[in-house]
Every structure is written in structure tokens, then in C-alpha cells.
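Input: a single structure, listed below in C-alpha cells.
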Amino acid sequence: MFVRRFKKDIQDQAKGGFKERHIGEVPCTATEKEEAALEAFITYESMLPKTENGKLRDMTFKKAMFSSPAACLKSVQGRMSRLEKEGSEDAMKERRALSVLEHALKEIGPLDFSRYQELLKLLADPVYGWSSRAVDDRLVIFTERIETMRWLAEHLQQDLRLPASAIQTLHGGMSDIDQQKIVEEYGRNEAPVRILVASDVASEGINLHYLSHRMIHFDIPWSLMVFQQRNGRVDRYGQKVSPDIRYMVTRSNNQEIRGDMRILQVLIRKEAEANKNIGDVGALMNLYDQDAEEQLTYHAMEESSAEAFEEELTITENASLEDLFGDLWGDEPDVSSAAATEKSSAPETVEDRTLMSDKDFLEGTVRLLAETHPYKVMPLHDAEGLEIRWTPDMQRRFRNVLPSEAAPAIDEWLMVSSDKDFVARENRRSLRNALEEDSWPKVQYLWRQHPIMQWAGDKASQFFGRQEAPLVGILTLEKGEVIFCMAGTIPNRRSAPLVDEWFGLRFMNGHFDRLMSMEELIARTQFDHSDRPNAGKLTEEDVRSVSVLRSEAVAQAKLVMAEAAQAYLNGPYGKIYPEMEKLEGLKARHKAHLEEKYEQLTFFGKQKQKDAEQRHIEQIFDIFFEWVRESMEIEADHPYIRIVAAFTGVKA
């Protein structure tokens, strides 16, 4: 069993992906001086008014206190400076209490700061296994307060005897350019940085997992969204080592502080459970707002026990699971009938067919353009693909489309390949060497959505003028036989085509004969058998005889599109309304569940939270219903008809 598991771990590391987390709490027993400061804080806290302003100040000071003595000291001194300008008796009383707290905080040096000392022990622990010399084992330490971040960076450098370049800080006061520079340095093999101490600005949208799998929460966030954002920096797809996440948890003899810390430990446990069960940690509080989640945590500290708070989060989590697996589908379906339905309605696989490959189309277009323009194209040496000379007009065209690092310089070559395995190897090479050289792969994947294909399509469309279409003379067609290749689309309200039909219309001796599928059209014209099927035998009479049929072709195309629109309305569109009725029922069940949920919750501010969730439900369903209308409704009477090409028989 051990051998099989070991092999699986090695395979998983080779492939990357999501690794199983290791989560641990690091207990930090408060020192005597810390206990004195906590007692002084409780004394100050007790004298704050129970108004919204007083609660906000209490919450701000408590978060600072739980972050570090340095962060709390900064908040205390700032408040004392403001109180100096007030002459009231209440202001003087508050200032005296703050003075006691200030003195107690100043007494806490690095040796008296339990969380910091436990952090040093953890980093030196051979079981933990971190080494400042390891290039690919870098460490992220998160904290909420910038003052805590600065204090940690300064003292870690001294106590770990690291050069200044080995510890970097990242916070919201930095410019975007400076932030990005730090993140890039953190991901470079040869960069000297080993520890990144970051405020929560670094918890959103950046990748720190390339050379790092260790994260330490020096202070514990009050918002589950922040938990998710922080942990997601190293616990993300592509991580090749199991993420190691540690929480520094203060243990105090003070009963009130102990209760507050138990609330935060509930958040640690529930975040881990929700990450495994429902994935969406935000669903536990169902607020989806960091400030609102922090206020909810504060209210729990003030008015709930840890057990009650955990029970309330469990109620919400269970409801989220019920919504996920039950409400969406209603009653439990009959397994046998569901299987039969699935078997009978299995989607048909349709092979996508084009006249030529993407590579051939791109190469042919560029070669035709090169006859009159300074374009160049040649085969790629190492794989199936092309090299295209990058010109000034390409640079202007793609300036806002391709990232600057993906676009070649003028007179250099854009390399594209349709070989998926080759491009995948290039991507892996680029990922390994990211920031050491160019972070973008040298060869890009050539597919229909690559911007160069749209460019080629636009250029090819210029071969014919506005309201023009090619007329092709085909030797194998009968004299008097004309086939129009037609395209018809009907868009939704967002101008995206929902009905999109390509078909052929065959005429014989000036009269409409029949509708043809594209497969029939291609087989009849043999247009996919030669690069240049036009025999060059067209006469002026041929052109006139085809031109007079254009109006009839458009009229016939409108009839075809009317049938296609009706099929859409009877098919996909007709299935929407029963589903919309189900969604209305789901909306009603959400509202009923909300009423039931808040009958069970007891903490302060539940009406405010209930109103917020009610608005959230209404907003989600309103947005979705409007999206359905804009996305699925069509104007069936106004199709867009285009003659793509016409083919006629000619004599040899």
C-alpha cells in the first residue's frame, strides 16, 4: 500500500494539479507581559460606548491587538493623538486607559511576543523541514496589518541572519508595478528572496505557488473570504507539492480573550471543512462581502459562544449543500427512468468539417497577400506550423489583442503550430523558465480562435469588395446549373447568432431546383479537391445569368431561415419556460429557507444579514432571468442573409 501510494504521489507531482492540504495550528501560550497587555485591552474595551461607533472602534482595536503589539501600539497612539484635541472628561478618561495599554504594549519585546517566538521555533524545526537555502521552498507569511508586516520583516532578517534581499514585503501601499516586480522576483529561481511577508493585498489574484508551498497565517483573518484568498496563493492548480498551511493561535488565561480565539478557531475548522465539502467557502456566511463577514465574526465574539457560532455556520453549510444537490433538481429522480432518458437523449457528435486546415488557410492567405504586400510565410522547422514575418501593420492591429510579451518585434517571426503536443511542451518549458527569459512560449497554438486567424479572415474578405461574392466556373457542373452557397444568421438581443445556417440553393436553367446541404454542395462542386478549381472559362453571359438569380436566391434563403427559426423556437427555446418555472420554484424555496434559517439564528445583527441575503437572492435571480431573455430570444422575422459564393457550369 505504501509503495502504491508513494508512486501515486510521484505521478501527481509530475502532473501538477490540486494537492491535498496539510493544515496545522501552532499553539502560542501568551507570556506574562502579553497577558498584562490583554488585560489592559479588556479594561479599555469595557469603557467603550455600545454605539455603532464604539463597536467599530472596538473591532478595529481588537483586530490590531490580535495582529501584533506593534500594530496595536500604532492604533493606540493614533487614537491618543486625536483625544489630545478633545477636552471632555470622557476623552481624558479614555486617554488614561489608553496610556496604560500603551505602556503594556511597549513592554512586549521580541522575546515576550509568543507568536513570534513560536514562528522562529517552527522555522527551525527539522520536522517542519524549511531551509532558507532551498531555492524551491520559499515561504509566505500573511498578516492583516502593515505594521505587523514591517515588524516581522525586520526581526526575521535579524534573527534568521538573512541578507536584506532574502526577505521581501508586499502591501497595498505599493504601486502596481512594484507589487508585480516583487511577485516576479518571488517566482524566479535565481532571485535571492526566500520569505515574502505580505498583507492581504497579496491574497487576491497572484500566483505564488511556483517555488512555494508553505504558508503561515501569522494572524487569523476574520473573514472566510480572506482565508480562501490567502490559501489560494499556494493551494492552486499546478501546485506540485502538498500545500502546508499553518495558523498561529494565541492561548491566553484571560477568559474573554480565550473565547474570542475559540471563535477564530471555528473559522479555521469551518474553512477546511467547506473547502473539502462545498468548495465555496463564502457560502458558510453567505454574505460574499469581506467587511460584512468581519462584522459577523465580531458580533459572534460579542454575543455568541464558539459552539453557537459553529452551529450557526453548520446550519448555513448544510443548507448550501441541500441547495447544491437538492433544490436545483427538486425531488429525487427515478434512477431507471433517468438512465433511460440519458441514453435516449445522448447528444450526437458532429465532426467539424472545413475546406482546408487552419494552417493551410493561413498559409494560403499570407502567400496571396505577399503578391502585393510585404508579407512573408514559411514552414516551421520543428513541427507542423508556420513562421510569419511580423510587420508594422500587424503590430498596430494586435497591440490591444496580444500581450506585449507574446507579440514579436518588427521584422521578427510569429511562430504558430497546430501540433498540440509540441505546443504543450513549449508551454511547460516556458513555465519552468518563467521570468528567467521570455515568460511567453516561443511557439503559440494555432487554432481558430488565435487572433492571427481573425486577421487572416479579415484580409481574405478584402479580396472581394462590399456586396461582392466570388463566382466560380466548374467544369463538372452542367451548363445552366447554378449553385449558391448561402449563410443565414438570426441573432439574440446581444447580437450573438443563435440560428446559424449554411446551405446550398441549386438552380437549373434559371429556375429554383432544390435545397442542398453543405455536404451535398461540396460533393457536387468538388470544391475541396483542388486549390484552384476555377477553370478560368467564365464568360460575360455566365456572369449575367447568375446575377439575375440573386434576388430569387435571397428569397429562397429567407424561407429556409424561417423554418430554421421555427425549429429553434419549438426546440431549444421551447424548453426554456419549464426550466424558468423550476427556477421560480427554486427562488421561492430559497426565500422559505431564509425565513427558517433566521428563526434558528440568534446573534446580533441577524435582521441586517437577513435583508442582505434577501437582496442577494433577488439580485441573482433577476440577473439570470434577464440574461436568459437577452441570450435566448430572437427576432425570427429579420434574418441576416449572405451569398458566400456562387458556382456555375462552364464548358472546357
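Every read-out reported here was derived from the displayed coordinates using simple, explicitly stated rules and does not represent laboratory data. Since the structure is predicted, the reported quantities are computational estimates derived from the model, not experimental observations. Cβ sites come from the backbone with ideal geometry, for glycine too, and all protein chains shown count toward neighbours.
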I'd like the antiparallel share, as a percent to the nearest 5, of DSSP beta bridges with both residues in the chain.
50 percent
Counting only residues 5 or more places away or on other chains, whose amide H sits under 5 Å from the amide H of Glu25 once H atoms are built in the peptide plane?
Tyr247
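Could you work out [θ]222 nm for the chain from helices alone, using -39500 (n - 2.57) per DSSP H run of at least four and dividing by all its residues? Round to the nearest 500 deg cm²/dmol.
-16000 deg cm²/dmol
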Could you go through region 254-271 in sequence order and give the Karplus-derived ³J(HN,Hα) for each residue, using 6.51 cos²θ - 1.76 cosθ + 1.60 with θ = phi - 60°, rounded to whole Hz, and x for Gly and Pro?
5, 4, 5, 5, 4, x, 5, 5, 5, 4, 5, 5, 4, 4, 4, 5, 5, 5
Provide the FRET efficiency to the nearest 0.05 for the Glu412-Asp500 pair, computing r from the beta carbons and using R0 = 41 Å.
0.65
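Quick check on the exposure proxy: order Arg96, Arg194 from fewest to most C-beta atoms within 10 angstrom.
So the ranking, lowest neighbour count to highest, is Arg96, Arg194.
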Region 432-515: trypsin sites (Lys or Arg not before Pro) in DSSP coil with no more than 15 other Cβ atoms inside 10 Å:
Lys442, Arg448, Arg466, Lys479, Arg493, Arg494
Quick check: net charge around Ser81, other residues with Cβ under 14 Å of its Cβ, Lys/Arg +1 and Asp/Glu -1?
+1
Once amide hydrogens are built 1.01 Å from N within the peptide plane, the residues lying 5 or more places from Gly649 or on another chain with amide H under 5 Å from its amide H are Ile474, Gly480, Glu481
Note down the magnitude of the dipole of the chain about its Cα centre, charges +1 on Lys and Arg C-beta and -1 on Asp and Glu C-beta and zero elsewhere, to the nearest 20 debye.
1640 debye
Out of all DSSP beta bridges with both ends in region 358-461, state the antiparallel percent to the nearest 5.
65 percent
The long-range amide H neighbours of Arg214, using H built 1.01 Å from N in the peptide plane and a cut-off of under 5 Å, are Val140, Asp244
For region 626-641, Karplus-derived ³J(HN,Hα) couplings (6.51, -1.76, 1.60; θ = phi - 60°; whole Hz; x for glycine and proline) come out as 5, 4, 4, 4, 5, 8, 10, 7, 10, 9, 5, 7, 10, x, 9, 10
With contacts defined as alpha carbon pairs under 8 Å and 6 or more residues apart, what's the relative contact order of the chain in percent?
12 percent
Chymotrypsin sites (Phe, Trp or Tyr not before Pro) restricted to region 583-652 and DSSP loop, no more than 10 other C-beta within 10 Å
none
What distance in nm separates the simple spin-label points at Ser305 and Leu569, each placed 7 Å from Cα in the Cβ direction?
6.5 nm
Summed residue charge, Cβ within 11 Å of Ile216's Cβ, Lys/Arg positive, Asp/Glu negative:
+1
Order of Val499, Val548, Val193 - criterion: other Cβ atoms within 10 Å of each residue's Cβ, fewest first
Val548, Val193, Val499
Label-point separation in nm, Lys420 to Thr476, each point 7 Å along Cα→Cβ:
3.2 nm
Along the charge dipole of the chain, Cβ charges K/R +1 and D/E -1, which of Trp413, Val127, Thr51 sits furthest on the positive end?
Trp413
Quick check on my link table: of Lys62/Lys106; Lys50/Lys93; Lys575/Lys597; Lys276/Lys582, which ones sit more than 23 Å apart, alpha carbon to alpha carbon?
Lys575/Lys597; Lys276/Lys582
Which labelled figure in (1) -0.45, -0.61, -1.26; (2) -0.39, -0.54, -1.25; (3) -0.56, -0.72, -1.22 is log10 I(q)/I(0) by the Debye sum over Cα atoms at q = 0.06, 0.07, 0.11 Å⁻¹, once derived from the coordinates:
(3)
Which Cα, out of Ile634, Ile620, Met486, lies furthest along the positive dipole direction of the chain (beta carbon charges, K/R +1, D/E -1)?
Met486
Of Trp455, Leu386, Thr365, which is farthest on the positive side of the dipole of region 358-461, counting Cα position, with +1 on Lys and Arg Cβ, -1 on Asp and Glu Cβ, and the Cα centre as origin?
Trp455
In percent, what relative contact order does region 33-110 have, based on Cα pairs under 8 Å that are 6 or more apart in sequence?
47 percent
